[in-house]
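Every number in this text was worked out from the coordinates using simple rules, so none of it is lab data. Nothing here was measured: the structure is a model prediction, and the numbers come from that model. A quick note on method: Cβ atoms are made from the backbone with ideal geometry, for glycine too, and the neighbour counts reach across all protein chains shown.
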Amino acid sequence: MSSVMKNSATRDALLRRLSQLARRALFGTLSETYRTCGRPGCRCQQGQKHGPHLYVSFRGPSGTTTGYYVPQALAEAMRGGVAVWQELQALLRELAEVNRERLWASRVSRSQRQKTPRRKHGSSPTRPEEHL
Ligand SMILES: [Zn+2]
């Protein structure tokens with residue numbers, strides 16, 4: 001019982017932290033690119049390219065990879081937001097494990113209360129003989 005109570009405290013803490021972090025989360029894979037411009041005689045045409053420019057790529061709804069450049073002034077905030085996304089992933093995994101433990105615990109306590117007979121495979125729409 002005490003582990004379930006500990007679990008629910010952990011769960012509340014995780015949910016609070018998730019809610020805080022979710023407000024700052026940004027999504028995408030960061031990379032830095034160097035570019036050349038069109039200005040005649042610019043140093044970038046001798047190999048000193050402009051950059052680094054922060055680029056964010058991600059898989060769009062259609063499944064193709066897309067992305068955008070981040071304005072210089074927002075680069076640091078962008079990096080922070082993506083780091084928050086990573087942290088959220090780790091916390092969600094933790095939460096999922098706590099959820100699983102709760103689910104397991106509820107199953108144990110239910111079977112301790114009353115011994116329910118095993119359900120038949122009635123949920124399957126096909127009859128057993130059709131598998132032969
Ligand atoms: Zn240039």
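Here is how the numbers come out for the structure above:
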{"item": "Hits in region 6-62 - residues which are of a type in the set (Gly, Ala, Ser), without any contact (Cβ under 8 Å) to a residue 24 or more places away in the chain and either in a strand (DSSP E or B) or more than 16 Å from the ligand (Cβ to nearest atom) (or both)", "result": "9, 13, 19, 51, 60, 62"}
{"item": "Selection within region 1-52 - within 28 Å of residue 92 (Cβ to Cβ) and among the polar types (S, T, N, Q)", "result": "2, 3, 7, 8, 10, 19, 20, 29, 31"}
